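Report on the following structure.
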Amino acid sequence: MLLVIDTSAGTSVAIVDRGRGVISERVESDTMRHAEVIGRMIRECLAEAGVAASELSGVVGGMGPGPFTGLRVGIAAARVFALGAGTPLVPVVSHDAIAFNAYRTGHRGPLLVVTDARRREVYWSAYSEADANGLPRRIGAPGLAKPAEMLESSFEHAGLPRRDAVTVSAGDLGLVAELTFAAGLPFAADAPLYLRSPDVTMPNGRKRVS
């Protein structure tokens, strides 16, 4: 049984089991309230599922891509909860959950998943198809682009059917993790996919005091 946390696009928390599916899930689309709601959402999902931390076999963390400020909240929460529960952290690329949902609900063939990156940019991931396990086959690593650039013929995945998403379902992310484990496939790297520098940076040098 897995606790799943993603803050790459909004905030989403779920409890997932391979045999029972998505047992409980909470989603908050507001991208400015990750830190405010994540603790409550975790408590509610555990309570609704009737699951104690000691019963978890892992904690799934959505690795993005996502904006630095929001994405790090979910990853930090997943790492701390996994450490406290004495269970492994399971890293999964957040876009894979969106693609998984698309294929599960009938899409066939290539697909381009797109989420908001702010600063008038978007994150994208390209997929070729779903494999025999129902898992999306990603073509390379996720990318960052301006919306207009993706419409140009020079964009390598121009013309692919698109799935634009405002949030990432933690339930779907957990099912991707369960199916990946069952198939004996490797998980994503345990590294956040920020794809650009933080929104806030520290000034160089020391501030003069007069």
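The values are calculated or read from the model by the stated rules, or taken from the named source; none is laboratory data. Just so we're clear, the structure is a prediction, and the values are computed from it rather than from any experiment. Cβ atoms come from the backbone with ideal geometry, glycine included; neighbour counts cover every protein chain shown.
Confirm whether Pro192 is modelled with pLDDT of 95 or more, surrounded by fewer than 14 Cβ atoms within 10 Å (Cβ to Cβ) and either assigned to a helix (DSSP H, G or I) or of a type outside the set (S, T, N, Q) (or both). The answer is no for Pro192.
Among the residues of the stretch 1-25, those that are in contact (Cβ under 8 Å) with a residue 60 or more places away in the chain and of a type outside the set (Val, Ile, Thr) comprise Leu2, Leu3, Asp6, Ser8, Ala9, Gly10, Ser12, Ala14, Asp17, Arg18, Gly21, Glu25. Scanning the stretch 32-45 for residues that are crowded, with 19+ Cβ neighbours inside 10 Å, touching a helix residue (DSSP H, G or I) at 6+ places or on another chain (Cβ under 6 Å) and free of Cβ contacts under 8 Å to residues at least 40 places away in the same chain turns up just one, Ile38.
Of the residues making up the stretch 13-55, those that are touching a Ser or Thr at 6+ places or on another chain (Cβ under 6 Å), assigned to a strand (DSSP E or B) and closer than 25 Å to Phe68 by Cβ are Val27, Glu28.
Against the test of being buried (at least 21 other Cβ atoms within 10 Å of the Cβ) and at positive phi, the options Gly21, Gly64, Gly86 yield a single qualifying residue, Gly64.
Only one entry of Phe100, Phe187, Phe155 meets the criterion of being closer than 25 Å to Val13 by Cβ, surrounded by fewer than 21 Cβ atoms within 10 Å (Cβ to Cβ) and aromatic (Phe, Trp, Tyr), and that entry is Phe187.
May I ask you to list the residues in the stretch 111-120 that are surrounded by fewer than 18 Cβ atoms within 10 Å (Cβ to Cβ) and in contact with a helix residue (DSSP H, G or I) (Cβ under 8 Å, 6 or more places away or on another chain)? Arg120 - this is the single residue of the stretch 111-120 that is surrounded by fewer than 18 Cβ atoms within 10 Å (Cβ to Cβ) and in contact with a helix residue (DSSP H, G or I) (Cβ under 8 Å, 6 or more places away or on another chain). Taken together, Glu121, Glu149 contain a single residue that is acidic (Asp, Glu) and touching a residue at least 12 places away in the same chain (Cβ under 8 Å), which is Glu121. Which residue pairs have Cβ atoms under 6 Å apart, sit 6 or more places apart or on different chains, and have a first residue in the stretch 46-65 that is more than 16 Å from Leu175 (Cβ to Cβ) and a second that is part of a helix (DSSP H, G or I) and of a type in the set (S, T, N, Q)? Matching pairs, first to second residue: Gly64/Ser94.
Across the stretch 121-148, what is the total count of residues that are more than 18 Å from Ala177 (Cβ to Cβ) and either modelled with pLDDT under 95 or not charged (D, E, K, R) (or both)?
Adding up the residues that qualify gives 13.
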